[in-house]
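Trainee: Below is a structure I'd like to ask you about.
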Amino acid sequence: MSGDGSDERLRRWRLVLGDSGDEALPGLGRTDQRVDQALGALYDADRTGGLGSTAPGVARWLGDIRGYFPTSVVRVMQRDALERLGLKQLLLEPELLASVEPDVHLVATLIALSHVIPSRTRETARAVVRQVVEEIERRLADPLRQAVHGALSRSLRTTRPRLAEIDWPRTVQANLKHYLPEQRTVVPQRLVGYGRKRQRLKDVIVAIDQSGSMAESVVYASVLGAVMASIPSLRTRLVVFDTAVVDMTESLTDPVDVLFGVQLGGGTDIGAAVDYCASLVTRPADTVMVLISDLFEGGIRERLLHRVTMLVGSGVRFVALLALSDSGHPMYDHALAAELANLGVPAFACTPNLFPELLAAALSHQDLQAWAAANDLT
């Protein structure tokens, strides 16, 4: 047997034995350590306490295993997870699922397991997801619409509007001093209107990393993307990616459909996603691109940086969000974040509550790095 074959066999035995093989077998590399942690969380759960069926780590684990194992193995591990992590009863009993207090992490777990949820539970699962989606919408939809309206209001106003573009309430207000009592009318000497009313004012392209660590961000970004799609002055595109790129724009009328259309976990090719997003840009100076990713690039790094350089140079407003969540400081690739910043693409984490202000700042061409610093974002 060759040395390479022997090393591979020892590696496999170490992964099978878990921590108990530490003394007898060689140590693991960085990637294999993550594989070992994923295996241990499932198969050593009795000894270690596992992930806990309500922990955010469940959703992250369900996503991460797609990046470490082939599809056939992932299916076996997910079936084992239903038994070992206490999820089987939750997914098999609609009544129990309906009684669980829904939150973003439960939604992430459900969408990660969407293809193994039995038919009798599927509608209950969608109802639970919709409940969380509607709560997020109640909290964030109005602030997002108001922020966008405020950011674009100056570019909307003009004093030489066409007839169909006249803003009559503002026109009357601006001409009250020209009111003629005898005719009971206002003589408008200055018209106020919407100079670009017939077209979308700005394009917003959102690209979401589907890797397991981004589960909470996927939930928030999907809901916020649907809200943006409902704003007439924006043309919104939503793209999700791992090693493949999927355009979810047609599903934006219902964020629940978006969420059940994503596949949490797997590899990451940010460059391919940014290439696709670049193909959607038709008006660079009127385009905001939001990349939501931890920046652990599995594709060709140089291709990504080249494409970003081209987009920024063309006038696209580009921002990288390391997370869109309330879960504190995220793990991310610091070196790639620094390289993007050098290209004019600020990279920082953002809470969902601050996203409306961030989008308004991007639409109004504010300095996003200064904005992030002012809001203590990293």
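Trainee: If you rank 202, 177 by how much accessible surface each has, with a 1.4 Å probe, what is the order from largest down?
Mentor: Highest to lowest solvent-accessible surface, that is 177, 202.
Trainee: Taking a ≥ b ≥ c as the square roots of the Cα gyration tensor eigenvalues, with a/c under 1.5 meaning rounded and otherwise prolate when a/b beats b/c, else oblate, which class fits the range 209-340?
Mentor: Oblate shape, in that a/c is at least 1.5 and b/c is the bigger or equal ratio.
Trainee: Tell me, in nm to one decimal, what length is gained between residue 127 and residue 334 on full extension, where the rule is 0.36 nm per residue of separation less the Cα-Cα distance?
Mentor: 70.7 nm
Trainee: Considering only protein heavy atoms, with the full assembly of protein chains and a 1.4 angstrom probe, order 216, 93 by accessible area, largest first.
Mentor: So the residues, ranked largest to smallest area, are 93, 216.
The values are calculated or read from the model by the stated rules, or taken from the named source; none is laboratory data. Just so we're clear, the structure is a prediction, and the values are computed from it rather than from any experiment. Heavy atoms of the whole protein, side chains included, go into the accessibility calculation; ligands, DNA and RNA do not. Shrake-Rupley method; radii C 1.70, N 1.55, O 1.52, S 1.80 Å.
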